[in-house]
1. Restricting to segment A:84-110, what's the tally of residues that are basic (Lys, Arg) and either in contact with a Leu (Cβ under 7 Å, 6 or more places away or on another chain) or closer than 18 Å to A:Ala148 by Cα (or both)?
2. Being in a loop (DSSP other than H, G, I, E, B) and outside the structural domain of A:Tyr575 (by TED's automatic domain parsing) narrows it down to one of A:Ser692, A:Ser672, A:Ser722, so name that one.
3. Mind counting the residues in segment A:409-449 that are under 23 Å from B:Val300 (Cβ atoms) and within 12 Å of chain B (Cβ to nearest Cβ)?
4. State yes or no: is B:Glu310 away from every other protein chain (no Cβ under 12 Å), at pLDDT 95 or above and out of contact with any Phe, Trp or Tyr (no Cβ under 7 Å at 6 or more places or on another chain)?
5. For the subset of segment B:291-325 comprising residues that are surrounded by 19 or more Cβ atoms within 10 Å (Cβ to Cβ) and farther than 23 Å from B:Met145 by Cβ, which member is nearest to the chain's Cα centre (by Cα)?
6. Scan segment A:627-638 residue by residue and report those that are surrounded by 15 or more Cβ atoms within 10 Å (Cβ to Cβ) and closer than 26 Å to A:Arg739 by Cβ.
7. Given A:Ile90, A:Ile143, which one is of a type in the set (Val, Ile, Thr) and assigned to a loop (DSSP other than H, G, I, E, B)?
8. Among all residue pairs at least 6 apart or on different chains, which show Cβ distances below 7 Å where the first residue, located in segment A:691-705, is within 24 Å of A:Lys767 (Cα to Cα) and the second is among the acidic types (Asp, Glu) and surrounded by 10 or more Cβ atoms within 10 Å (Cβ to Cβ)?
Amino acid sequence: MKFTLSWLKEHLDTNASVDEISETLTRIGLEVEEVINPAAALHDFITAKIEKVEMHPDSDHLHVLAVNTGKETLQVVCGAPNVHEGLIGIYAPTGALIPAYGERLKVAKIRGVESMGMMCSEKELMVGNDHSGIIELPTDTAIGMSAADVLNIDPVIEVSITPNRAECLGVRGIARDLAASGLGKLKPLNIPEIKGSFKSPITVSVDCPDACPTYTARYIKGVNNKAETPKWMKDRLTAIGLRPISALVDITNYINYDLARPLHVFDADKLKGNIKVRMAHNGEEFLALNEKSYTLDDKCLGICDDEGVQCLGGIMGGLNKGSYEDTTDVLLECALFTPTCIARTGRKLQLDSDSRARYERWVDPMSNISGNNYATKMILDICGGEASEMEIAGAEKFEAKPVYLRPERLKTFVGMEVSKEKCEEILSHLGFTLSEEDGKIKAVSPSWRGDIECEQDLIEEVVRMIGLDNIPATSMKTADFPKPVLTPLQNNIVMVKHELASRGMFETVTFSFTDSDIAQYFRRGQEPILLQNPIVKELDEMRPSLLPNLLIGAKNNIARGYADLALFEVAPEFYGRNPGEQKAVASGIRVGKTSKKDWTGSMRAYDVFDAKADALAAIAAAKGPIEAPQITTDAPTYYHPGRSGVIRLGKNVLAYFGELHPAVLKALDIKSNVVAFEVFLDNIPQPRDAKSKAKKKLELSQLQAVDKDLAFVVARNVSAISIVAAAKNADRNNIVDVRVFDVYEGDNLPEDKKSVAISVTFQPKEKTYTDAEIEALMNKVILEVGKKTGAVLR
Amino acid sequence: MSDIDSIKNSIIEQINNADNAKALDDVRVAALGKKGQITELLKTLGSMPLEERIALGKQVNVVKAELEAKIAEKKQALEIQLLNEKLKKEVVDVTLPCRPEVQGRIHPVSKVYEEIVAIFAQMGFDVAEGPDIEDQFHNFNALNMPPNHPARQMQDTFYINNDVNNAFDMDSAYVVRTHTSGVQIRTMEKKRPPIRIIAPGRTYRSDYDATHTPMFHQVEGLVIDKKTTMADLKGCLYDFMKAFFEVDELPIRFRPSYFPFTEPSAEVDIGCLKTKTDLIIGAGTDWLEVLGCGMVHPNVLRAGGIDPDEYQGFAFGAGIDRLAMLKYGIPDLRTFFESDVRWIKNYGFTPLDFSSMTSGLSNNGGVAR
């Protein structure tokens, strides 16, 4: 909401400066977003008189002036066509910052003649649009005066109006609030009653008083819509960003912003029959002023003539029967429409307007008749014509439910003592009708306030007028000793992030939605969860996995020349559309190589075991059982079928890991190799919360452990984990560790076989092993591994 | 000079002249070996008279011990010399770089989350959560925003059809939550007062420019008991912001505002100095909006099943990303979500940078590598 200072002063009698006004506005809840005050840039500029005009010796349009600034007479070169001796204008001395150019004026030689300053146009000072010549002030203007004092400067103030303060969408509402804050006096608004000299040939009737409780109309004949809108009105409309169109449109716009009072003007000659206010028919078409056609339903309110809906009540006029330049007879509408109907229609049709913004909040229900009179007077004054009597359907009424304020609640609710008298003073200045009931203040809202419903609303009125800065600040009292606050899952999420970062990965945060064209590969058989109104096509699906966005991120990094990278994110993925159908996932990718090439030759391409290590580290950081899980090879289809795995406890999937499927990477146009993991943090079983934090007693043997190597030949499809498990199981008392140290396929072995070499650590407990004992233990391993996996010693 | 002395001196000279282990060993064998000079000398003792034998024997043994020590000493010296020569050939250029390793990073949003939790934990707040896809009851209606409430227009909401088998219906559709305020209601549904929670999380609005992204992060706060006032709200936020920005003094301004779910409502600005290149928090004459707050509206308490005549309290909401931008001088919100590794490396935090009120909120992870 914008307005100018002069416009405000139309309603508010005040001497306050623009700065005082804008500080006060913000303090009472009308937040100032911007103040545009051209005067602030005009310190250096003064009035000056042109004493003498001579032609520039080397130009046919430049003049050399002698300019009297009141202190001295200076030589100024000027190109304006309107220079003449005796002209009093605005002089910019050298060094002045010219607002329009943002540059300081220097002593200049213009075609060989020195110029000590400049005579300015309106546009150069940004106080108007005129650039056809320099400013010409009245001849009796004193010279040497500050430019800001003599120019007609009207600062523009923009405030942000919260939805509860509908009346402040009119300048008068803002003036009233400022007056209540003590910054001036609200001027009376004199609205004459216009009787009218004839009966309106067009009558009005309302079928649906719930949606339109009051409808007033006035026929005005013989108006001249070609009449010039007065300059003051044009200036104000322009200043707040509205383009002057025609006198009638300008008047309705002006009153909309002046009094927050929407109006509409029909071309009466185009209306067929009488005005009927009714709900639209399902499927009824309406061609709006914005030249778009809307299909209405029976919950949209239509202002209709015999030919259908001519105005979408309270939202937008129709294209066909509005006022145009040659309009001579008009029907002026000033009506009340209820917020729910307006909001619902506006939302359904996605149609915004200044009128809708006011009606869906609150329009003063007692301003229909007065608004009609006010507008009629203005039309007659500007466009001439003759007014009919007012047509009124329905009656104006406003019955506010009284709200009670217990003054002691200021202390117990706000924490600030405010006297009953002070509360009453503030509320009465705001227009409330007050009385007392059982020691409580009984307050009845003025008709322009539709937002006061409970005691807290009245408390807010008092508090904002006193100023929130006057409320003391008291620190929160904590009775208990501070305790850990994160739940196990919340804490695990923090730990997993730090663990993955410590593994050299970069944490990223990406949107919860992704591109359905990419997400389709990652849905694991689920239905897509699509947004009804995505902001762009590429963000249309709630992501079924974190990988699509990580891959898009990787792709962008690769395109910037960062081809080797490791990214992770810990965030939700969505498996259903209902609230709560989401899981916390830690997911990461490694792309390309471990590093760029370096002299130690440590660089290598990332492989599935990097992803597996990341997954296991994340599970461990989340306190998961990393010893117990099985590893199966049934990862989702977006992974490489032969180079991926699932870490699980039976049916419970803790993680997927692996190389990504080349076909998926190709579809994303990623040419690098990518390994990935997804750890499902909700699925990780948590250790029982043991009472004691003490660790189990540690039994350490003093005897030397013995490592022995064994190489097996086994079918290629036998997993390493089954060989290791069988070896460990061969003798749990003596075997403490089993490691795979070599895997070989190829020459010297049948095609369907591979060699797997393991190193087994035996730990004696009571005495060192004899050769025979070691031999026996190794035989046990060979036997057990052979039995479980079909492996034979190589 | 006796014979023994001259033999000794001759051998010592040979020891001194030996320039490698082999030569030294030859000297040792020649002197002390089975047929060495000293050994031979000892062999002659048997034929001597007793007194002479004792005297000479003693003398020879002293010389023998002396020579053995000399040889050992020389042997060690030769070994050191040999090692030194070997080491001289083993020189590497230690100015070469180390094996490549990458220090990971924690995203600013995660870091600021940890800082916020650390501060509010001191004030007795638990951390609550709610779903990202919400029903309209929890996201709007229960927060005093019935379907046609104009405040719904303030927030550009993303909708999700709640039933794929039916046509989209805006009134029954789910929304992707526009704020974390719904967690207030979910908390009240589960827990009786006194309540003290913060609810950090992802929030979504259909908006995209330098200061708006379709997803961002908010932290919601809720306190409900029988006597919490707006003065406590001010104190709580004042303490939070001073702790968060890690400054001793911070100008803070409370402005009346409007949110459907609080009454009275306020927006909070902090004092700062804006220059062409920098933003200094706590100094200067400019104001920056950092959060919205107010006393919980009685209708919201009722929707959460709490009697507003008995209980009261406050709520607030702040942008986590915005707090991160202000504290850590990050200029553009959009860059938070672009996964640009250069950005993450620069604005991210080291893996050991945990936040606590004892060790401090920031700068705990050492210098970033």
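1. The qualifying residues number 1.
2. A:Ser692
3. Of the residues in that region, 8 qualify.
4. yes
5. Among those residues, the one meeting the criterion is B:Ala324.
6. A:Pro629, A:Ile631, A:Ala635
7. Going through A:Ile90, A:Ile143 in turn, just one is of a type in the set (Val, Ile, Thr) and assigned to a loop (DSSP other than H, G, I, E, B): A:Ile143.
8. none
The values are calculated or read from the model by the stated rules, or taken from the named source; none is laboratory data. Note that this is a predicted model, so its numbers are computed, not measured. A quick note on method: Cβ atoms are made from the backbone with ideal geometry, for glycine too, and the neighbour counts reach across all protein chains shown.
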